[in-house]
Each structure stands twice: as structure tokens, then as C-alpha cells.
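Below: one structure, written as C-alpha cells.
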Amino acid sequence: MRHQAPRGTRDLLPADTERWQWAESRARDVFERYSYREIRTPMFEDYELFARTSGESSDVVEKEMYRFHDLKGRDLALRPEGTASVCRAYLEHNLASEGRVHRLWYLGPMFRYGRPQKGRFRQFWQVGAELIGTAAPTADVEMIALFVDLYEAWGFENLVVQVNSVGTPETRQRYAERLRAWLEPARERLGNDSRQRLETNPLRILDSKDPRDREILAGEFSDQPMPHMLDVLDDAGRKRFDEVLVGLTGLGIDHRVDHGLVRGLDYYTHTAFELHAEGLGAQSALGGGGRYDGLIEALGGPATPGIGFSIGLDRVMMLLEERGELPLEKQQSIYLAAMEGTRSQVPTMARALRLVYAVDYDLEGRSLNAQMKAADRSGARLVILLGEDEWEQGTVVVKDLSSGEQETVELEHLVEALDRRFEPSEGSP
Ligand code: AMP
């Protein structure tokens, strides 16, 4: 039987990986310039960690967790997201003792047992950031600026961030009641999940993807407009939210208040934000985040504010590929070609050159003609040909495959000749 990658997963072949690495390295650069430091946490954790932080009524916990027992019967789960793990590590290693404010970022695969469709996988990649230890509204502004600057580093333009405030648990409670009362007349027409959530957690109905629910949320069943979270915020929450908006405007970050924006997980407080893309259908969210002042306490730590976001790299890469906007790094590589009498020199020369350059060569003693074809296919910029006569005289031929130019170079000047040819390479980021 021939095997296939498990449903909802996929392979990134070398050509894909090169594009992903380009996007990842752009992200790294941005994080570094924002003074964020990378954290790597395990890909699986105690199931309880996610159950506790994702909230009992969230889809991820209810239906999508990759939960398993190991050989000792430990109850574990593949991580569905990064924030809970980062906060767990923050507490476990008492990062608070090393300074109050921590700026962290991560990148890695996440796992959710959802129904695969365009832009939705069971193993997907997220890049994200967490700013832990401050409740200052300026932290929210920095987070959103970082979020937007990542997309800009990947070449996205004209971005409009959607923002909302989900308040505090108390104001949210008040809002939940208003929302419940507003939806009550449409109760029978809601989807099954949403009808249940009307009792347990009406806010999550705003997240529903069910077309019937979306139609109801559009509000035609009622002569009252959908209640807005912002209208029930307390004064401090409202002031805070206004400060964030003013900060965004000050940085020239385009944003729009989206009253239907509530994050799917229960530990979020105050600012929530999201970015959507056209052309991805129901799975249009490219990334999102928000403040989670209640999370670290929920994990048994001291009350510690935090804010973060995560961006789905699969969707980002899909969009960049569809738009043909992925600059491919020009290969700065060399193909070493030889003739019968010089073949034995190749491995030594390749090893020396490989200290600096990417070098490829034929392993199978094929004809010069075959080697030149392989050089073309390899995408190498330069061929170094070890001709028999030239080698006798201590020279090689350097051929530039993009221009067709070639020159004979003395071995002792080879490195200079290569550097000269590689130097002003257009297109390399
Ligand atoms: P969330 O943690 O649900 O807020 O998701 C953050 C981002 O991760 C989303 O905006 C998507 O871009 C991405 N994402 C979430 N779930 C999936 C999935 N199953 N497959 C691919 N990307 C996903």
C-alpha cells in the first residue's frame, strides 16, 4: 500500500520551503527590530492546559483538540494555538523575576481536528507574538503595529485592521444578556450549536460560520439593531479603547471598529483585533489577537496582563502565491563541471568552495554535455569548468549562466572573480 500524508496535512516540498523561509526570515527581522525574542515551547502539552484556557464552550476544546494518551496514560494534546503554552512557560520559568515586561514571539505548527477545506488544515503554521506584563493601552497599539508591519514586510498593502473591545468579564456578562435578549425572537431559527450557546455563551454566536446564523446576525428579524459591546463598556474600558484608537490613528494604521468581532476563546479582555483577506471565503481570517488579562491567573499565576496575536502562515502563503507576489531569492550557487582528466579534483574543490558558496556537481561521472544540462536545471548562477588544458595551467573557466559570458580565471584569483560576479545581484532581498 502506498501511503499519503494524513488528511488535513501536507508536505512542503523544497520549492515551497524556500518561499516559506523567505516569509519566516522577513518575520524574524521585524520581530528583532521590535525587540521581541523568540520562544519555543513543546508541540504537545497537558490536555488540561488547553481545556482550562480555551474555555469549555470553545470549538477548539469541544471538537478540534488532538487529544491522546501516551504510554503512561498521561492526558496530552497537540497544541491548537500558542498563547497558552507561552504563558505556561512564562509561569513555569518565573520570567516575571527577570523583568516585568516580556516581548516574545513564536513560530511553529499548530493542530486542530477541523474539517479540511481551502485555507483550513489539521496541521497548520502560526507565527505569533505575546507582550506580557503590562496593561498599558500603548502596549495594545504596539501589538497592532507589529501585527500590521509583519504583513507589510510580506508585501501586503492597504491593510485595514478590524478592532473591537470585548471589555471585562463583568461588562461581557452584561453584553451577553443584551445579546441573548436581542436574539431570543430568532431562537428557533438559529443553528443547533448557536441555540445551545444562547444559554451557555451567546457571544460565541457572533463567531458562528453557519450561514443561517449569519443571516440572523445581520439583524433583519428585529427592528432593533444588534447591540454593541462598546455601548455596555464601563467608563474605564471605554476610555482605554479610545486611547488605543487614538494611538492607532497616530501611527497612521488604518482600522475599523467591527462590533461583531469577538475572539473565540474565553480569556480575552478589552482589545480584540483581526485582519481578513478577500478570496479565502469563509476562512478569510488571516490573523488576529487580543488582550488576555485573565489568562495567567487562570493558569494559577499572579494576575498578569498580556496581549498577543497569531497569524496563520498557510493562509498568508496561499495569498502571496495566488498573487504571484513571492520574490524568489536569486540563487547564488555554483555548478562545478569537469572533464575526464579533472574529475578527481572536483570533490576537493567543491568542499573548499562550500565554505562560502552553494555548490553542486555531478556524482556519476557523466559527460560534460550532461553536466552542463544539469547545471542549467539546477538553477545555478555560475558554472566553474575544470578544463583539462586550463587545469594544467592553473586556471579554470567561469561561465555566467544568466548572461552567457565566460572568462578564464587563475585559480588563485578565483574567489575574487566569483565575488565580483555575485556582488551586484539584483532581486536578492
Ligand atoms: P485563531 O488562533 O483561531 O485566532 O487563528 C489565528 C489564525 O490562524 C487564523 O487567522 C488563521 O489564519 C490561522 N488558522 C486557524 N486555524 C487554522 C487552520 N485549521 N488551518 C489553517 N490556518 C488556520
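The values are calculated or read from the model by the stated rules, or taken from the named source; none is laboratory data. Quantities reported herein were computed from a predicted structural model and do not represent experimental measurements. Virtual Cβ from ideal backbone geometry, glycine too; neighbours counted across all protein chains shown. Please note that ligands, DNA and RNA were not included when accessible areas were found on the heavy atoms of the full protein model with its side chains. Shrake-Rupley method; radii C 1.70, N 1.55, O 1.52, S 1.80 Å.
Under a Cβ-only charge scheme (Lys and Arg +1, Asp and Glu -1), can you give me the dipole magnitude of the chain about the Cα centre, in debye to the nearest 20? Could the numbers behind the result be given before it?
Numbers: 54 positive and 72 negative charges, 312 e Å.
With only Lys, Arg, Asp and Glu charged at Cβ, the dipole is about 1500 debye.
I need the Debye-formula profile for region 8-51: one equal scatterer per C-alpha, no solvent, reported as log10 I(q)/I(0) at q = 0.18, 0.22, 0.25, 0.34 1/Å, two decimals.
-0.83, -0.89, -0.90, -1.07
Contact order normalised by length for the chain, with contacts defined as Cα pairs under 8 Å and 6 or more residues apart; what percent is it? Each step should come with its number before you reach the end.
On the way: 686 pairs, mean separation 62.0, N = 429.
Dividing the mean separation by the residue count of the chain yields 14 percent.
Using protein chains only and a probe of 1.4 angstrom, how many square angstrom of His69 are accessible, to the nearest 10?
His69 has an accessible surface of roughly 120 Å² with all protein chains in place.
What is the magnitude of the charge dipole of region 323-402 about its Cα centre, with +1 placed on the Cβ of each Lys and Arg, -1 on the Cβ of each Asp and Glu, and no other charges, expressed in debye to the nearest 20?
Numbers: 10 positive and 12 negative charges, 75 e Å.
The calculated dipole for region 323-402 is roughly 360 debye.
Can you bin every Cα-Cα distance in region 181-301 into 10 Å intervals starting at zero and give me the percent of pairs per bin, rounded to whole numbers?
Pairs per bin, as whole percents: 11, 36, 37, 15, 1.
So what is the accessible area of the chain per residue, in Å², with the probe set to 1.4 Å?
Heavy-atom accessible area per residue stands at 51 Å².
About its Cα centre, how strong a charge dipole does region 124-179 have in debye, to the nearest 20, once Lys and Arg get +1 and Asp and Glu get -1 at the Cβ?
Values: 3 positive and 8 negative charges, 70 e Å.
Here the size comes out at about 340 debye.
Mind checking which of Gly287, Leu386, Ser58 is farthest towards the positive end of the chain's charge dipole, using Cβ charges of +1 (Lys, Arg) and -1 (Asp, Glu) about the Cα centre?
Of Gly287, Leu386, Ser58, it is Ser58.
With every protein chain present, what accessible area does Tyr34 have (1.4 Å probe, heavy atoms only), rounded to the nearest 10 Å²?
60 Å²
If I model a spin label at Glu321 and Glu220 as a point 7 Å from the Cα along the Cα→Cβ vector, what separation in nanometres do I get?
3.8 nm
Given a 1.4 Å probe and the protein chains all in place, what does the accessible area of Tyr106 round to, in Å² to the nearest 10?
20 Å²
Under a 1.4 angstrom probe, counting protein chains only, how are Met43, Met317, Met226 ranked by accessible area, largest first?
Details: Met43 90, Met317 5, Met226 35 Å².
Result, largest first: Met43, Met226, Met317.
If we count every other residue with Cβ under 14 angstrom of Thr249's Cβ, Lys/Arg +1 and Asp/Glu -1, where does the sum land?
-3
Would you mind counting up the charge near Glu32? Only other residues with Cβ under 13 Å from its Cβ, with Lys and Arg at +1 and Asp and Glu at -1. Don't skip to the answer; put the middle values down first.
Values: positive: Arg26, Arg28, Arg33, Arg37, Arg103; negative: Glu24, Asp29, Glu38, Asp149.
Its environment carries a net charge of +1.
Could I have the simple spin-label model distance between Val101 and Asp231, label points 7 Å from Cα toward Cβ, reported in nm to one decimal?
3.6 nm
Looking at Leu353, Val30, His259, which one has the Cα that reaches farthest to the positive end of the dipole of the chain (charges on Cβ: Lys, Arg +1; Asp, Glu -1)?
Among Leu353, Val30, His259, the one farthest towards the positive end of the dipole of the chain is His259.
Kindly write out, for region 76-93 in residue order, the coupling ³J(HN,Hα) from the Karplus curve 6.51 cos²θ - 1.76 cosθ + 1.60 (θ = phi - 60°), rounded to whole Hz, with x marking Gly and Pro.
Each residue's phi maps through the Karplus curve to give 10, 8, 5, 5, x, 6, x, 4, 4, 5, 4, 5, 4, 5, 4, 6, 4, 9 Hz.
Taking +1 at the Cβ of each Lys and Arg and -1 at the Cβ of each Asp and Glu, which of Thr17, Gly155, Leu49 sits farthest along the dipole of region 17-163 towards its positive end, judged by Cα position relative to the Cα centre?
Toward the positive end, the furthest listed residue is Thr17.
To one decimal place, what Kirkwood hydrodynamic radius in Å is obtained for the chain from all pairs of distinct Cα atoms? Let's see the in-between values first.
On the way: mean 1/r = 0.0399 Å⁻¹.
Over the chain, the inverse of the mean reciprocal pair distance is 25.1 Å.
Percent of accessible area on the chain owned by carbon and sulfur, 1.4 Å probe? List each step's numbers first, then the result.
Values: 10490 of 22060 Å².
That share works out to 48 percent.
Normalised by the number of residues in region 30-105, what is the relative contact order in percent for Cα pairs under 8 Å and 6+ residues apart?
Details: 74 pairs, mean separation 29.6, N = 76.
Reported relative contact order: 39 percent.
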